[in-house]
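Have a look at the structure below before the remarks.
The values are calculated or read from the model by the stated rules, or taken from the named source; none is laboratory data. Predicted model, so just to flag it, every value in this text is computed and none were measured. Note that we place each Cβ from the backbone using ideal geometry, even for glycine, and neighbour counts take in every protein chain shown. Each accessible area value is taken on the protein alone, full model and side chains, heavy atoms only, with ligands, DNA and RNA left out. Shrake-Rupley method; radii C 1.70, N 1.55, O 1.52, S 1.80 Å.
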Amino acid sequence: QVQVVESGGGLVQPGGSLRLSCVVSGSIFSVLAMGWYRQAPGKQRELVTSINSDGITNYADSVKGRFTLSRDNAKNTVYLQMNDLKPEDTAVYYCSVNCLTIELSRNDYWGQGTQVTVSS
């Protein structure tokens, strides 16, 4: 059993900041990769940013220079620092984790999502 718990969403004004957290727990042997996705109503889910086990990151063009992804391997946690938020950033943000379980099975796991609303 693997659990993915997201937190940190909320309502902020344009130009404000939020930090999202994603904590992974359970029968995990190794966390191989983690990423953040978002989905706005009526739109498809899109990749925001991701990081692999070597610390290699990538970002969607729409968030480059504003969002920063970091990983704390000891805590099996990733953070998404979001600065200079814009109304178009409004969406449900999901954490996705690719894990190797103690049974040596590799699977993707998703959190429940956390709502980010940017509005004046």
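If I filter segment 84-103 down to residues being in contact with a strand residue (DSSP E or B) (Cβ under 7 Å, 6 or more places away or on another chain) and not in a strand (DSSP E or B), which single residue comes out as modelled with the lowest pLDDT? Walk me through how you get there before you give the answer.
Our first condition is that a residue be in contact with a strand residue (DSSP E or B) (Cβ under 7 Å, 6 or more places away or on another chain); within segment 84-103, this holds for 85-87, 89-102.
Keeping just the survivors that are not in a strand (DSSP E or B) gives 85-87, 89-90, 102.
Working: LEU85: 98, LYS86: 98, PRO87: 98, ASP89: 98, THR90: 98, ILE102: 90.
Checked segment 84-103; the qualifying residue modelled with the lowest pLDDT is ILE102.
Against the list (1) more than 12 Å from the chain's Cα centre (by Cα); (2) assigned to a strand (DSSP E or B), the condition ASP61 fails is (2).
Each row is one residue, and each column tells you yes or no for (1) modelled with pLDDT under 95; (2) within 17 Å of ASN107 (Cβ to Cβ).
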| position | (1), (2) |
| --- | --- |
| ARG19 | no, no |
| PHE29 | yes, yes |
| ALA40 | no, no |
| SER53 | yes, yes |
| SER62 | no, no |
| ASP72 | yes, no |
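Need pairs with beta-carbon distance below 9 Å; first residue on the phi < 0 side of the Ramachandran plot and within segment 14-33, second part of a strand (DSSP E or B) and basic (Lys, Arg); sequence gap 6+ or separate chains. Listed pairs, sorted by first residue: VAL31/ARG71; LEU32/ARG106.
Considering GLN3, GLN44, which residue is more than 15 Å from the chain's Cα centre (by Cα), loosely packed, with under 15 Cβ neighbours inside 10 Å and more than 11 Å from TYR93 (Cα to Cα)?
Details: GLN3 fails: more than 15 Å from the chain's Cα centre (by Cα).
After ruling out the rest, the residue left standing is GLN44.
Those residues that are open to solvent by 40 Å² or more (accessible area, probe 1.4 Å) and under 17 Å from ARG71 (Cα atoms), I need them from segment 31-41; list them, please. Before the answer, list the steps.
The first filter runs over segment 31-41 and keeps only residues open to solvent by 40 Å² or more (accessible area, probe 1.4 Å), leaving 32, 37, 39, 41.
Within segment 31-41, LEU32, TYR37 qualify.
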